[in-house]
Amino acid sequence: PPNKTAEMFFRQGFREFRARNFIRARTQFELVLQIVPDHEMALRYRDNCAREIEVEVGVLMQQGRRNFEAGKYRESRGQYETVLRLLTGDQSNPAFAEAQKQLDRIKDELERVD
């Protein structure tokens, strides 16, 4: 039955959410919503995933800038690459473009240093 399948996906999404795997959790909650469009908990947790991703992106962007300014280019690159992975589904997000731009700057710096 659809509700049993939806609950299975919800439990998987909740498990991913608790493990801070927000992209996978969001995907699971979206599957639930395809089966049961008015599933309140799936709606709530899907929105929570989006908020958590935004918070994580903000932290990573700040750390990336700080590491770049400190000359820690490889660490900064890792943080910006993580931002790109988190925002793959939302490439219109300004942070996606900023991370891409910063990665180009890092590449230029690393070529200059090496």
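Ligands, DNA and RNA left out, the 1.4 Å accessible surface of the chain is 49% carbon and sulfur atoms. When its C-alpha radius of gyration is set against 2.2 N^0.38 Å (N residues), the chain gives a value of 1.32. A 1.4 Å probe run over the chain, with the rest of the protein chains in place, finds 64 Å² accessible per residue.
Springs join every pair of Cα atoms under 10 Å in this Gaussian network model of the chain, and among 55, 83, 32 the largest mean-square fluctuation is at 55.
The values are calculated or read from the model by the stated rules, or taken from the named source; none is laboratory data. Worth saying up front: this structure is predicted, and the values here are computed from it rather than measured. Quick note on the areas: whole protein, heavy atoms, side chains included, nothing else; ligands and nucleic acids left out. Shrake-Rupley method; radii C 1.70, N 1.55, O 1.52, S 1.80 Å.
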